[in-house]
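Beneath this line is the structure, given in structure tokens, with notes to follow.
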Amino acid sequence: MTRWMLTCACGWETSGTKEEIVTASREHGVAVHNMDVTEEQAMAMASPVED
């Protein structure tokens, strides 16, 4: 299973499975930036993590 890392422009970071980072970035987007984040937007900002 691929793990991902996502860093927001504000410095917030999250990592996990695709589902985990999409969920976390949607929650972060609404709570901190008052914006809806799509799955496509979240994955465009994500990078796979090497084991």
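Read-outs: derived from the displayed coordinates by stated rules, not from any lab. Since the structure is predicted, the reported quantities are computational estimates derived from the model, not experimental observations. All Cβ positions, glycine included, derive from the backbone under ideal geometry; neighbour counts span all protein chains shown.
Values as computed for the structure displayed
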| item | result |
| --- | --- |
| Within the chain: Cβ-based charge dipole about Cα centre, in debye rounded to nearest 20 (Lys, Arg +1; Asp, Glu -1) | 80 debye |
| Calculated FRET value between Cys10 and Glu50, using beta carbons and R₀ = 22 Å, to 0.05 | 0.35 |
| Virtual spin-label span in nm between Glu39 and Thr23, 7 Å along Cα→Cβ | 1.4 nm |
| Arg3 long-range amide H proximity, modeled H, under 5 Å | Val49 |
| Helix-only CD estimate at 222 nm, as mean residue ellipticity for the chain, using -39500 (n - 2.57) per DSSP H run (n ≥ 4) | -14000 deg cm²/dmol |
| Equivalent-ellipsoid semi-axes of the chain, from the Cα gyration tensor, Å, largest first | 18, 11, 8 |
| Angle in degrees between helix 18-33 and the longest Cα principal axis of the chain, rounded to the nearest 10 | 20 degrees |
